[in-house]
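Encoded as structure tokens, the structure appears first; notes follow it.
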Amino acid sequence: MFSQPARLDIELPAWVADYARRYVPVSALAQRMAFVIAAARLNVEHGGGGPFAAAVIESVSGQLVSLGVNLVTGGSLSMLHAEMVAIALAQRKLGGYDLGGPGMPALELVTSTEPCAMCFGAIPWSGVRRVVAGARDADARAIGFDEGPKPADWAAALETRDIAVVTDIERDAARAVLQDYRAAGGPIYNARRDTSPR
């Protein structure tokens, strides 16, 4: 007889809420990114998942809407990338699937590493108006992660949908989290099982 779970429950590690409460709204993208990169590093230190974090932030005020971290290994779900978690939390918090809908402030997704194919696909449907990325796709691939079949000029593809893209914000610091994760033996998870660096 067929059966499947009747619900999906996603629980953030307790440290995430404690860390997010310490956020102070800032206007500089480098400071917003530093907050997100530190969350990625904390996620590794706490064993929550991969070396990635993302936040949804009000572009003008700098207010934090949500903070997500990678929960793939801890949650045993491949969809639990930091961007997906941050977007889902923002949608629940703000009460709708369209983060760019009427009455919403302009929101941006600040991510420690540029989005993979899955997260890239989710961004236009989320309603965010800007993506701010730290490390590059090549930095994640360099330690063995499979970023999927994303368009080579992914930023231009988003910009045709009126989603601004800013890259290489604190790239060295973001890349260092990835490299430290690999050096410490963090699991490089993907379904193709090939974990050799490219």
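Worth a mention:
- Asp180 versus Arg141: modelled label distance in nm, points set 7 Å from Cα along the beta carbon direction: 2.6 nm
- Solvent exposure of the range 1-49 amounts to 68 Å² per residue of accessible area, where only protein heavy atoms count and the probe is 1.4 Å.
- Highest-MSF residue in the chain out of Ser78, Ser59, Ser126 [GNM, Cα springs under 10 Å]: Ser78
- Placing a label point 7 Å from the Cα of Ala152 along the Cα-to-Cβ line, the residues of the range 110-138 whose backbone N sits under 19 Å from it are 115-117, 136-138.
- Surface composition of the range 1-124: carbon plus sulfur atoms hold 58% of the accessible area, using a 1.4 angstrom probe and ignoring ligands, DNA and RNA.
- 3J(HN,Hα) along the range 43-48: 4, 5, 4, 8, x, x Hz, from the Karplus curve 6.51 cos²θ - 1.76 cosθ + 1.60 with θ = phi - 60°, whole Hz, x for Gly and Pro.
- Between amide H atoms placed 1.01 Å from N, distances below 5 Å from Gly68 occur with Ala54, Ala55, Val56, Ala86, all of them 5 or more places distant or on a separate chain.
- Value of [θ]222 nm, deg cm²/dmol, for the chain, DSSP H segments ≥ 4, -39500 (n - 2.57) each, nearest 500: -11500 deg cm²/dmol
- Label point distance in nm, Asn190-Glu45, each placed 7 Å from Cα along Cα→Cβ: 2.8 nm
- With both labels modelled 7 Å from their Cα along Cα-to-Cβ, the Val60 to Val166 distance reads 1.6 nm.
- Proximity of backbone amide H atoms, modeled 1.01 Å from N, is registered between Thr113 and Ala53, Gly134, Ala135 at under 5 Å, excluding neighbours fewer than 5 places apart on the same chain.
- Sparsely packed GluC sites (Glu not before Pro) within the range 6-73, loop by DSSP, other Cβ within 10 Å at most 10: Glu11
- Converting phi to 3J(HN,Hα) with the Karplus coefficients 6.51, -1.76 and 1.60 and the offset θ = phi - 60°, the range 137-153 yields 3, 4, 5, 6, 5, 4, 9, x, 6, 8, 8, x, x, 8, x, 4, 9 Hz in sequence order, with x at every glycine or proline.
- Over the range 59-186, relative contact order from alpha-carbon pairs under 8 Å, at least 6 apart, %: 20 percent
The values are calculated or read from the model by the stated rules, or taken from the named source; none is laboratory data. Predicted model, so just to flag it, every value in this text is computed and none were measured. Here the Cβ is made from the backbone with ideal geometry for all residues, glycine too, and neighbour counts use every protein chain on show. Each accessible area value is taken on the protein alone, full model and side chains, heavy atoms only, with ligands, DNA and RNA left out. Shrake-Rupley method; radii C 1.70, N 1.55, O 1.52, S 1.80 Å.
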